[in-house]
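For reference, the structure is listed below as structure tokens.
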Amino acid sequence: MPVNGRKRMVTITINKNQYLAEEGEIFLLTAMRLKIDIPHLCYEKALDPYGSCRLCMVEVVTCGKTEMTPACTIKVHNGLEILTDTPEVIKHRNILFELYLAEAPKSEVIKEMAAKYGVTKTRFLKKIVHDDPLLGKCILCGLCVRVCSEIMGTCAINFINRGPFTVVNTPFYEHNPDCAGCAACARVCPTNAIVFEDTEKDRVMRSWSGTTVPMMTCSSCNKPFAPEKLMHEIQSRLDPQINEDIRNMCPECRRRYISRREMKIPIT
Ligand code: SF4
Ligand code: FES
């Protein structure tokens, strides 16, 4: 618990060495800060840990017994004891890398990460990725689905089908008018699987059945700068509202306008 707004420091043991760490912090973050290497793909600060990729598995030691647990779901507490590189952890991690090499055979992120840990081949059947809107790079971690529903409140995409046929896309693979074109899905995707493109007038979410969202044009320079629907959504949540003069300006024109106004330079 924080004392006077400051985090309490507690003692934890990692690979038999003792460290001071912030109580309550996600263990994966503590390990990263301590430069203890734990591979991970699906941890995203903006979302609650979900533990879907299972790559960050470590062993938690309790009363002499160990239990495999994802590092991104462990909260630091006094006396926490973790092992990050036991033969069990390494075996588990290597199998997962092999699975991901088969599931996402075109992902350079996976290939590089796996090679770093000595895995360069897979014994599993590689997924056929002909015409895959996610370019043969998706590991089905679900981050895109979660950011769309939990952060943006949109639910424009979801898992479709079951078992080996599971994919992420829009319902019925159709253009989804619910999509605001925010591209948060592409930003959180750990394997860069999601493709979108900004044209003169629209943002086209190529991976999401070509869903097309019109762009807003800057009221000053006339350049398209952000999806219209997203801008309206943001503006509707702001209180107080942005001044009418700058409401529909791109960030660059808006900055220029405000600094000229503050320096009392005539605005043309
Ligand atoms: S597209 Fe990316 S973020 Fe979405 S499930 Fe696949 S790997 Fe995860
Ligand atoms: S980062 Fe922990 S399970 Fe994916």
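The values are calculated or read from the model by the stated rules, or taken from the named source; none is laboratory data. Treat the numbers as computed from the prediction; the structure is a model and nothing was measured. Cβ: placed from backbone, ideal geometry, glycine included. Neighbour counts: every protein chain shown. Remember, those area values only see protein heavy atoms, side chains included, never the ligands or the DNA or RNA. Shrake-Rupley method; radii C 1.70, N 1.55, O 1.52, S 1.80 Å.
Data table
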quantity	calculated
Gain on full stretching of the segment that runs from Ser236 to Asn15 - 0.36 nm per residue minus C-alpha separation	74.5 nm
Semi-axis lengths (Å, descending) of the ellipsoid that matches the C-alpha gyration tensor of the stretch 193-235	20, 12, 7
Expected 222 nm ellipticity per residue - DSSP helices of 4 or more, -39500 (n - 2.57), all of the chain, to 500	-7000 deg cm²/dmol
log₁₀ of I(q)/I(0) at q = 0.16 Å⁻¹ - the stretch 125-252, Debye sum with one point per alpha carbon	-0.81
Simple spin-label estimate for Cys63 and Val195 in nanometres, 7 Å along Cα-Cβ	5.5 nm
For the chain, average projected area of the Cα convex hull in nm²	19.4 nm²
Axial C-alpha extent at least 20 Å, average Kyte-Doolittle at least -0.5 - helices from the chain (DSSP)	87-103
Segment Tyr173-Glu108, length gained on full extension (0.36 nm per residue, minus Cα span)	20.8 nm
Spin-label pair Thr86/Thr166, simplified geometry with 7 Å Cα→Cβ offset, distance in nm	2.7 nm
Exposure rank, largest accessible area first [Asp131, Asp85; 1.4 Å]	Asp131, Asp85
